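Engineer: Following this message is one structure expressed as structure tokens.
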Amino acid sequence: MEVTDSRLRRRELFDTDADGYRLSRPGYPVEVYELLEQTRALRPGASVLEIGAGSGQATRELLARGASVCAVELGANFAARLRAEFSGRPLTVIEGDFDSLTRLHGEFDLAVCASSLHWLDRETALARIARLLRPAGRLAAWWTVYGDPAQPTPVRLALNQVLRRHRPAGALAVPGPFDHESWIGALRRAGFGGIQAKVLRWSITMPPRQLTRLYTTFAAVRELPEPDRAALLDDIERAAAALGDEVTEQCVTVLYLAQRPMRGTTP
């Protein structure tokens, strides 16, 4: 119970600055959606369940490709913004915690978790997603990691020094999305087959102030006491500004694709 309460409390942090999150987080690489289109799970007329829609970065792309989206979103502010921005589009927003929702039904062609699956009870959520997919339906879960461990950049080296000084919880740990064995094992236990792990590398160039705003959206930073958070963000902006008017960060988007087996088959 304590783990669940802590997870829920941290998830709720994002909704306290929904506008800041929307303006500060970059979108996901177009290759993510192209891969989903190749599976035919994302296509005009497809029914998509999006879990943890947040500010609608993925929602926007799913709708643009002709899908009808049922978005589950915990935060009231995020949910309100989704309804307002996509009014008139084939989008249904259900406000609540996917872990405990009881009014979610249907068979979806695709379930999407964009930077959200780690906030759920993984085993329970994956089993439930499998039940909500139609036979041969697909699950796509992905995350973007800022700072490619395989390609350390000057800005990443400088930021790591700052993070070591301030030590926000978990900020320097090996990012969970890279633990392919753990995620693939969990997908298999939930009955999924056809599991693939894709690693997409890309970069983003931004001024130091924008990089600092990006860090304000991370849970490890948001949960710090205000004086500690302000000191950390000041040091981040100072370290980035020392490198020039713009900095380039290498990013990695890790995507897991899986398929619900047809009825009567094994994964």
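Engineer: How about the range 187-233: which of its residues are exposed (fewer than 15 other Cβ atoms within 10 Å of the Cβ), basic (K, R) and over 19 Å from the mean Cα position of the chain (by Cα)?
Structural biologist: Matches in the range 187-233: R188, R189, R209.
Engineer: Just name the residue that is surrounded by the most Cβ atoms within 10 Å (Cβ to Cβ) out of those in the range 234-267 that are more than 24 Å from W119 (Cβ to Cβ) and touching a Gly at 6+ places or on another chain (Cβ under 9 Å).
Structural biologist: Q250
Engineer: If I ask for residues that are charged (D, E, K, R) and out of contact with any helix residue (DSSP H, G or I) (no Cβ under 6 Å at 6 or more places or on another chain), which ones from the range 230-267 would you list?
Structural biologist: Within the range 230-267, D234, R238, D245, E246, R263 meet the criteria.
Engineer: Which number in (1) out of contact with any Leu (no Cβ under 9 Å at 6 or more places or on another chain); (2) assigned to a helix (DSSP H, G or I) marks the one condition that S87 misses?
Structural biologist: Looking at each condition in turn, S87 falls short on (2).
Engineer: Let me ask another. I'm checking my understanding of the structure. Among residues of the range 1-54 that are at pLDDT below 85 and among the hydroxyl-bearing types (S, T, Y), which one is surrounded by the most Cβ atoms within 10 Å (Cβ to Cβ)?
Structural biologist: Among residues in the range 1-54 that are at pLDDT below 85 and among the hydroxyl-bearing types (S, T, Y), the one surrounded by the most Cβ atoms within 10 Å (Cβ to Cβ) is T4.
Engineer: How many residues are free of Cβ contacts under 8 Å to residues at least 12 places away in the same chain and either buried (at least 17 other Cβ atoms within 10 Å of the Cβ) or among the hydrophobic types (A, V, I, L, M, F, W, C) (or both) if we restrict to the range 84-114?
Structural biologist: 1
Engineer: Among (1) within 17 Å of V32 (Cβ to Cβ); (2) modelled with pLDDT of 95 or more, there is one condition Y146 misses while meeting the rest; what is its number?
Structural biologist: With respect to (1) within 17 Å of V32 (Cβ to Cβ); (2) modelled with pLDDT of 95 or more, Y146 is out only on (2).
Engineer: Taking the condition of being more than 16 Å from L157 (Cβ to Cβ) and touching a Cys at 6+ places or on another chain (Cβ under 9 Å), how many residues in the range 201-249 meet it?
Structural biologist: 3
Engineer: Find the residue count for the range 55-77, including only residues that are over 18 Å from L36 (Cβ atoms), surrounded by 16 or more Cβ atoms within 10 Å (Cβ to Cβ) and touching a strand residue (DSSP E or B) at 6+ places or on another chain (Cβ under 9 Å).
Structural biologist: 4
Engineer: Just give me the residues in the range 49-76 being touching a residue at least 40 places away in the same chain (Cβ under 8 Å) and touching a Phe, Trp or Tyr at 6+ places or on another chain (Cβ under 9 Å), in sequence order.
Structural biologist: Across the range 49-76, the qualifying residues are L49, I51, G52, A53, G54, Q57, A58, L62, L74, G75.
Engineer: Give the range 123-169 a look and list any residue that's aliphatic (A, V, I, L, M) and exposed (fewer than 13 other Cβ atoms within 10 Å of the Cβ), or say none. Working first, answer last.
Structural biologist: We begin by selecting, within the range 123-169, every residue aliphatic (A, V, I, L, M); these are 125-127, 129-130, 132-133, 136, 139-141, 145, 150, 155, 157-159, 162-163, 169.
Answer for the range 123-169, where residues must be aliphatic (A, V, I, L, M) and exposed (fewer than 13 other Cβ atoms within 10 Å of the Cβ): A150, L157, A169.
The values are calculated or read from the model by the stated rules, or taken from the named source; none is laboratory data. Note that the structure is a prediction, hence the values are computed from the model and not measured. We place every Cβ from the backbone using ideal geometry, glycine too, and count neighbours over all the protein chains shown.
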